[in-house]
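Novice: Mind looking over this structure? Questions follow.
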Amino acid sequence: MIKGVSHIGIGVKNLEEAKEFFKNTFSLECSETETFGELRLSFVPLANTHVELLESTTPEGVIRKFIDKKGKESITSLWRWMTLKRKWQP
């Protein structure tokens, strides 16, 4: 049985822009930026979980390669869903 989700990771091209998006769109404050290997990351509290924003520090990084290959459409879809959920809440 699944009891919850620890966090959801989202690869972003620009961590600071992503943090501003969550702050301005959802009034959610992100954690301080941390560095782990070739990644810069920050957590956004969301209900009973966290969204982990991940940015590659190099063009050859795994996250950057994924975004370059897949594009930003999956991230945009998630943000659209979150925007709709926010509008439905009183």
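The values are calculated or read from the model by the stated rules, or taken from the named source; none is laboratory data. As the structure is a prediction and not an experimental result, all values here were calculated from the model. Positions of Cβ are generated from backbone atoms using ideal geometry, with glycine treated the same way; all protein chains shown enter the neighbour counts.
Novice: Give region 26-56 a look and list any residue that's assigned to a loop (DSSP other than H, G, I, E, B) and surrounded by 15 or more Cβ atoms within 10 Å (Cβ to Cβ), or say none.
Specialist: Leu28, Cys30, listed by residue number.
Novice: Report yes if Gly4 is outside any helix (DSSP H, G or I), within 10 Å of the chain's Cα centre (by Cα) and modelled with pLDDT under 90, otherwise no.
Specialist: So Gly4 fails the test.
Novice: Additional query: Being closer than 15 Å to Leu15 by Cβ and aliphatic (A, V, I, L, M) is the filter here; which residues of region 32-51 pass it?
Specialist: Scanning region 32-51 gives Leu39, Leu41, Val44, Val51.
Novice: Let me ask another. Restricting the search to region 57-67, which residues are of a type in the set (D, E, K, R) and either surrounded by 12 or more Cβ atoms within 10 Å (Cβ to Cβ) or in a strand (DSSP E or B) (or both)?
Specialist: Arg64, Lys65
Novice: Here's a follow-up. Can you tell me which condition Leu53 does not meet? The list is (1) among the aliphatic types (A, V, I, L, M); (2) at pLDDT 90 or above; (3) closer than 15 Å to Ser27 by Cα, and all the others hold.
Specialist: Answer for Leu53: the failing condition is (3).
Novice: So, one more: If I filter region 3-25 down to residues being under 23 Å from Gly71 (Cα atoms) and β-branched (Val, Ile, Thr), which single residue comes out as surrounded by the most Cβ atoms within 10 Å (Cβ to Cβ)?
Specialist: This residue is Val12.
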